[in-house]
Structure formats: C-alpha cells, structure tokens
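The values are calculated or read from the model by the stated rules, or taken from the named source; none is laboratory data. Nothing here was measured: the structure is a model prediction, and the numbers come from that model. Methodologically, a virtual Cβ is constructed for each residue, glycine included, from the backbone with ideal geometry; neighbour enumeration extends over all protein chains shown. We work out accessible area using only protein heavy atoms, side chains counted, and drop any ligands, DNA or RNA first. Shrake-Rupley method; radii C 1.70, N 1.55, O 1.52, S 1.80 Å.
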Amino acid sequence: MSSKPMYRQIADALRDRIARGELKPGDALPTESLLQAEFNVSRVTVRQALKQLTAESIIESIQGSGSYVKEERVNYDIYQLTSFYEKLADRNVATHSDVKVFEVIDAEPWLAEKLQLGADDKVWHVKRVRFINQKPVNLEETWMPLMMFADLTWEVMENSKYHYIEQIKKMVIDRSEQELVPTMPSAEAIAALAIDAQKPILEKISRGFLKDGRVFEYSRNVFRSDDYKFTLVAQRGTPAGRNASRD
C-alpha cells in the first residue's frame, strides 16, 4: 500500500492519464463528485489533488466550468498579421466569439483622431470575448468607421472580422500598428476572463490600416497571460561607423 497521501495518489493517477493521452490538452477532467466516487475520498482531498496539478501548470480551473488539461500557449507572432481564427488554424481546437456589445456611437475626439474621422462621424463599437475550447482567453474592444462598414452585423463579429473585410468587402488589409502594455486587470476583464485580480495581464492596443492608407479599426485586446506567448524577431543592424576604417 502506498505511503503517499491520498491527494498525491490522485494527482499521480491524473498526471499519468494525461501522459498516456487518455486526457488531452483542452479536455475537461472528471468532476469533483466523480473523482470523489472513483477514489472513495472527501471533496477536500480531491481539491488538494487538483490544487497540486494546477500549481504544476498541468491543469487549470475555469470558474463555473471545471478543471481542464492545460493547453500549449497560443503563439502570437507580432510580425504576422493574422486573425484569432488563423492563429489557431493548425490546432485541433474549438473556437468561438461571444459578442457582448454591438452598437453605433458618436466618435469622441480621441477616437476620431485614432480612426482619422471627422467630428460628426459615427463608429461601430463592439466588445467580444474569444474562446478556445469553451475557455475565455481574450477580451476585445473594437471601434470601426460606420461609413466603411455600414453592413456590419452581429453575426460577422461572432466569426472573423478579417474574413468579412477581405472576402465580403474586398478591401486589402496592409498592416497593424501595435503596442503591448502590461497592466492590472479591470473588473470587466476579471469577470470576462475569470482571472486573478492580483495577476498582471497584457493589453494590446492596435490600429489597422488598409492598403489605401485608411484606418479600418482601433482595438484594445486583453489577454490571459498564461494562455499566450508573444514572439518578436529582432535583427541587428550595422551602426554607423562600425565597419568604417579608422584614420
């Protein structure tokens, strides 16, 4: 009989199932009640086991949903302008967007400046939460000129904004100017992404430009920092005079 505490034995058993592929990244673990019944232990013991696996970054808990096998972080290549869905195209995961706000508002002066609009122009204001395998990973707030996208719909924003712009509107996207800022989560982000109020997150602020120079969006994206990794490529140039001959 094992001398290990029961909670460690349960953690070992679950870890072994994950290693063997019985439980795959993104899969939900059995509920606490099922684990109680399977190992004939108390709920406190089960929670100790789950807490240990969480500390080891093997599983993660999503408030109101349960515990899941932790997935590999999404690689966010700063130099590759791709949509949320395109970034995940090579992974066998279910994704969707939950639109929280979809409205037309007046462009306030700061927003009109960002979108290169006039004082009387109106904009779409959209908030949506992006999900991977039912887990919220990204809170996005976007503003887009109404005059450019008069036929924008709720359904479009539940799917791919870039697909709509390129395939439906036949516009050519050129680039996005982006800024990454570490920050503490707002009450809205804490609620939307089920994150720790004391844990810093990453906010990406961006402006998207069409080939003709027009700004087609201004966005703020908040990411769960444990779900994303950001890739940048830095090339070393040749400073003036480094290779110059000396007198």
Enumeration of residues in the stretch 129-156 that are open to solvent by less than 30 Å² (accessible area, probe 1.4 Å) and in contact with a Lys or Arg (Cβ under 6 Å, 6 or more places away or on another chain): Val137, Asn138, Glu140
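Applying the selection to the stretch 101-118, what residues are touching an Asp or Glu at 6+ places or on another chain (Cβ under 9 Å) and either part of a strand (DSSP E or B) or surrounded by fewer than 19 Cβ atoms within 10 Å (Cβ to Cβ) (or both)? Step through it out loud before you land on a result.
Here is the first cut: in the stretch 101-118, the residues touching an Asp or Glu at 6+ places or on another chain (Cβ under 9 Å) are 101, 106-107, 112, 115.
Answer for the stretch 101-118, where residues must be touching an Asp or Glu at 6+ places or on another chain (Cβ under 9 Å) and either part of a strand (DSSP E or B) or surrounded by fewer than 19 Cβ atoms within 10 Å (Cβ to Cβ) (or both): Val101, Asp106, Ala112.
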Residue under question is Arg224, and the condition is that it be assigned by the TED database to the domain that holds Ala107 and at pLDDT below 90; does it hold? yes
Checking the condition in contact with a Phe, Trp or Tyr (Cβ under 9 Å, 6 or more places away or on another chain) and in a helix (DSSP H, G or I), which residue from His163, His125 passes? His163
Just wondering, is there one or more residues in the stretch 64-77 that are open to solvent by 50 Å² or more (accessible area, probe 1.4 Å), under 17 Å from Lys204 (Cβ atoms), modelled with pLDDT under 80 and assigned to a loop (DSSP other than H, G, I, E, B)? yes
Tell me which residues, restricted to the stretch 128-154, are modelled with pLDDT of 95 or more and either of a type in the set (A, V, I, L, M, F, W, C) or part of a helix (DSSP H, G or I) (or both). Trp143, Met144, Leu146, Met147, Met148, Phe149, Ala150, Leu152, Trp154
When residues of the stretch 164-213 are limited to those that are within 15 Å of the chain's Cα centre (by Cα) and among the small types (Gly, Ala, Ser), the one most open to solvent (accessible area, probe 1.4 Å): Ala191
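Out of Phe131, Phe149, I need the residue that is in contact (Cβ under 8 Å) with a residue 24 or more places away in the chain, in the same structural domain as Glu108 (by the TED database) and under 23 Å from Asp106 (Cβ atoms). Which one? Full working, then the answer.
Working: Phe131 fails: under 23 Å from Asp106 (Cβ atoms).
Checking each option against the conditions leaves just Phe149.
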